[in-house]
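The structure appears below as structure tokens.
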Amino acid sequence: MRRQPVFCAFLAAALALVWGCASLDYASIATIAVKTGVKATEAARPISDSEEYYIGRAVAARVLGGNRLYTDPQLTLYVNEVGQTVARKSTRPNTYRGYHFAVLDTTEPNAFACPGGIIFVTRGLVQMCGNEDELAAVLAHEVGHVANKDGINSISQARWSQVATTLGTETAKQYGGVGGQLATLFEGSIEDVFKTIVVNGYSRSAEEAADAQAVTTLKAAGYDPGALTALLTKMQAKQGGATGIYKTHPPTSDRLAKVKSLAPAGAPDQMEAVRSKRFQSLKL
Amino acid sequence: MKVSARCKIPHKWLVMLALTALLCVPALSWADTMKVAQGNQSLYGDPNFSATPIAPVPQGAEVTVVSKSGDWYKVEYKGNSGWMHRGAFAQAQAPKAGGLPGMLFGGGVKETKSDEVALAGKGFTPEVEAGYRQQHPEMNFAQVDQVEGFQVDAAKLQAFIKEGGLRP
């Protein structure tokens, strides 16, 4: 009989624990856990993958505001197949919403990497590529810019400081402070990235780093890394002036020399002919 | 009477044992399963994108979540164990499993209103984008959606890689 109270207490505690857990809104617990995890990782970096994604989407919308999309299904599929083949072998094979490749309907050769993974290549640049390996070299270089977060890094330091200050305010914590200072900072950030990737181009060091990554990626994917050397040599010979890709990705002698040292032109592998054949079947 | 009392005590302890088991067993089996919502995903050896991919995980696959570290989930899939980024599960439904899903690892990543609440204060969110779109109707977000909506079928990509003598 003396054990009866102990048993009853145990029973009550056990039932209370079970019912207590069952009655908790686990969605709330989940949200708290997600928030905690986010805060822990956010402290170690200036921007989250989701923020990078939303900036990239807006930059892409700005690019598509002034350029027509080339919607040929065969070319779109092909560019995405080549792009995905190299992206999965890059130093950043995955982003918040993945890589997406699209063709812009202009004969001016150029390529743009929006933060987060949307990559544009113009019809003119695809035409300039003589084969699939050279197209892979272009896309691997652009994936390198995404992997290195070169677009995001072009957002001015002053603007980041403003973002950090704004996020500290109570207003911003209420659904991101829409319509307020945060929206202005978002717009400013998009302008910074757009100017860099479309108008001014990346720094020389960013270009060389993306080249080095492209060579590694091409090797890992099974493409000829010498294709990047071949394409840059072709671009330099064309002397395209100071617009388009010659402005955004200038094929300087230094750059070419560094790529040559990393990826000397070699004999094409047996399957290169198969890849070239499918490239030549494209309607450009 | 004494015999009867002796019989009741072990019975109570059996009930207590059963209750203890009720509390402990679900804890052991509360491994969340999450559905992969994005294409071209892989298991990674370490929780970073620079790590070597171990095995591909197709869109729609259900993986068992073992633990969580920051934005990364340690998961098991078809006998392989590795790490997947939370972005792979974006738009996924809440984890489902026997027990109380989401309690161990915080639930799936959903691009829903509740997720927007979770992201609030992080900075550039879907709502900030919505405000920007209102002010800039000239921006072509419709075509961005079109570009993002284009998916390469995983089987076709493998065939493309194989045909070209490339590395999967």
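What follows is calculated from the coordinates using simple rules that are stated; it is not laboratory data. Treat the numbers as computed from the prediction; the structure is a model and nothing was measured. Here the Cβ is made from the backbone with ideal geometry for all residues, glycine too, and neighbour counts use every protein chain on show.
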Open item on the list: Around A:His100, under 13 Å between beta carbons, what's the net of Lys plus Arg minus Asp minus Glu among the other residues?
Closed with: -2
Task: Order by protection proxy (mean Cβ within 10 Å, highest first), peptides B:147-158, A:73-84 - done: A:73-84, B:147-158
